[in-house]
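Asker: The structure that follows is given in the form of structure tokens.
The values are calculated or read from the model by the stated rules, or taken from the named source; none is laboratory data. Predicted, not measured: the structure shown is a model, and the values here were computed from it. For neighbour counting, all protein chains shown are included, and Cβ atoms are generated from backbone atoms with ideal geometry for every residue, glycine included. In case anyone asks, the SASA skips ligands and DNA or RNA and just uses the protein heavy atoms, side chains included. Shrake-Rupley method; radii C 1.70, N 1.55, O 1.52, S 1.80 Å.
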Amino acid sequence: MEHDVNREIDKMKEELIALRRDFHRYPELGWTEMRTSSIIARKLTDLGFDQVLTGDEVVHAKDRMGLPEEDYMEQCYARAQKEEGSNLEFLPRTRGGMTGVIGGLRCGKGPTLALRFDMDALPVKETDSRDHFPNKEGFSSRHDGIMHACGHDCHMAVGLGTAKILAAHRKDLHGTVKFIFQPAEEGVRGASAIVDAGHMDDVDYLLGAHMAGDASTRECAIGVGEWRSLATTKLDADFYGRAAHAGKHPEEGNNALLSAASAVLNLHAIPRVGGAMTRINVGRLIAGAGRNVICDQSHLELEVRGSTSEADEYMERYARRILESSARMHGCHVKISVAGKTCAGRNDPDFTEKIRAALMANSDLRVEPISQNRSLVSEDYATLAEAVQSHGGKSSYLLNIVPTVASLHECNFSPDEAGLMNGVKAFTAAVFALMK
């Protein structure tokens, strides 16, 4: 059977490549994956899935983090309505940032296995270099300043390919397969809204994967092993002061720029945690109206991370204290909001070993251990995994290792499309091992 399924997947090569290139051509940022969601929902429906959830059936509106401005989301909806190939039956359900799709394939009694695939792109302007593969092949981004620079276009194609194979072989499976196409992974903003909607409550096993590799990678492989991810919290801080003439009456102002600047310097001086890895970065500061005006408003965006959730919480508490103190220092006040958050992630060793054995048994797959430098990032998947693990379920996160041009999040990132077939074979082999 393994041989037959692998050959079916090989025959899907052009279909998988076409899916990936279509998603790459029309990238959408987190909570605006409207065209993307409508297409995925249509395809799962056409495959005969027993349940296809969209809109507020997928995410709790109030639990979404880091939402774009309403005007921008309306612009994205209007764009998706135009000649971009959206499915007009499912598109209206995505309006207002209600993106994401969950498909259920019920195959009788047995465990519930969830597979997670992220959908959103990045605010990266794709390179116009003639050597860039998407430019040469004519599928580079048509949305200026937005790009699939993290492989999520590949993830969705792998997810839909896996869905097609499993739907065709559902008689050989026992249990339920739940396909989660998650919005807003970038900035770790989307998983909590799925968890709070209850979609992980009945999940026994959870699997996810991410494209990985670099220019030194020579062969495609699936990375399996002791994957871990950093907990992280993304904070936005808005300082409010009082404007004044900088020459005539500077003492009448309360300088929001000084508050933000004081915060930046002190945030990067937070003492580290013994026994845990921590990170702090202020990535953006917007302030000021002119050189002769005391600044009355400033906006600061930062993140903290920790190798444990406790270390991340320590960093967040300390950061909040610094933000509040820096505001008071210059007679300002500050509003702090959480733009994204996820816990530390880990694979379950016994379950991961079972997955490794299943993939090793597939003659088409090359399996590698996950190296530490490939695993220590932050991943919204961890929030889904924690929800499953909290009630005794098991989770394992894989790496789909392929040769790539440039690194993740760079404007010329381009993974080898051979990873599409590899990804479908890996997920399919794992599902058959758990549910056959």
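Asker: Using only Cα atoms and rounding to the nearest 10 degrees, what angle (0 to 90) does helix 256-267 make with the longest principal axis of the chain?
Answerer: In the chain, helix 256-267 runs at an angle near 60 degrees to the longest axis.
Asker: Can you give me the accessible area per residue for segment 308-415, using a 1.4 Å probe, in Å²?
Answerer: 45
Asker: Something else about it: Mind ranking 303-311, 30-38, 283-291, 361-369 by how tightly packed they are, going by the mean number of other C-beta atoms within 10 angstrom, highest first?
Answerer: Per-residue Cβ counts within 10 Å, averaged per peptide and sorted highest first, yield 30-38, 303-311, 361-369, 283-291.
Asker: Continuing with the same structure: Kirkwood Rh and Cα-based Rg: tell me the resulting Rg over Rh for the chain, rounded to two decimals.
Answerer: Answer for the chain: 1.01.
Asker: Around G55, with a cut-off of 9 angstrom between Cβ atoms, what is the net charge of the other residues, counting Lys and Arg +1 and Asp and Glu -1? The partial results should precede the final answer.
Answerer: On the way: positive: R93, R95; negative: D56, E57.
Once positives and negatives cancel, what remains is 0.
Asker: If you don't mind, there's one more thing I want to ask. Checking the a/c ratio against 1.5 first, then a/b against b/c, what shape does the Cα gyration tensor give for segment 242-310?
Answerer: prolate
Asker: Can you give the three extents of the C-alpha atoms in segment 282-361 along their principal axes, from longest to shortest, in whole Å?
Answerer: Principal axes ranked by extent give 70, 24, 14 Å for the Cα atoms.
Asker: Using just the Cα positions, wrap segment 350-436 in a convex hull and report its mean projected area in square nanometres, one decimal place.
Answerer: With every direction weighted equally, the projected area is 6.8 nm².
Asker: Under 1.5 on a/c is rounded, so check that first for segment 64-167, then, if it is not, pick prolate when a/b is larger than b/c and oblate when it is not; a ≥ b ≥ c are the square roots of the alpha carbon gyration tensor eigenvalues.
Answerer: It is oblate, given that a/c is not under 1.5 and a/b is not larger than b/c.
Asker: When Lys and Arg each count +1 and Asp and Glu each count -1, what net charge do the other residues less than 11 Å away from R106, Cβ to Cβ, add up to?
Answerer: Numbers: positive: K109, R170, K178; negative: D50.
In short, +2.
Asker: I've got another one for you. Can you tell me how much longer the chain between R272 and E89 gets when fully stretched, taken as 0.36 nm per residue apart minus their C-alpha distance, in nm with one decimal?
Answerer: 60.7 nm
Asker: Now, a different point. Give, as a single signed number, the net charge of other residues whose beta carbon lies under 15 Å from the beta carbon of L267, with Lys and Arg counted +1 and Asp and Glu -1.
Answerer: +2
Asker: If packing is taken as the average number of other Cβ atoms within 10 Å across a peptide's residues, how do 44-52, 315-323, 78-86 rank, most packed first?
Answerer: 315-323, 44-52, 78-86
Asker: If you don't mind, there's one more thing I want to ask. Per residue, how big is the convex hull around the C-alpha atoms of segment 164-295? Give it to me in cubic angstrom, could you?
Answerer: 246
Asker: Here is a follow-up. Given the chain, what percent of its DSSP beta bridges are antiparallel, to the nearest 5?
Answerer: For the chain, the DSSP antiparallel bridge percentage is about 70.
Asker: Could you look at segment 152-308 and say what percent of its accessible area is carbon and sulfur, using a 1.4 Å probe and all protein chains?
Answerer: 48
Asker: What shape does segment 31-92 have by the C-alpha gyration tensor, where a ≥ b ≥ c are the square roots of the eigenvalues, rounded means a/c under 1.5, and otherwise prolate means a/b greater than b/c and oblate the rest? Numbers along the way, then the final one.
Answerer: Working: a/c = 3.12, a/b = 1.27, b/c = 2.46.
Taking the square roots of the gyration eigenvalues as a ≥ b ≥ c, segment 31-92 is oblate.
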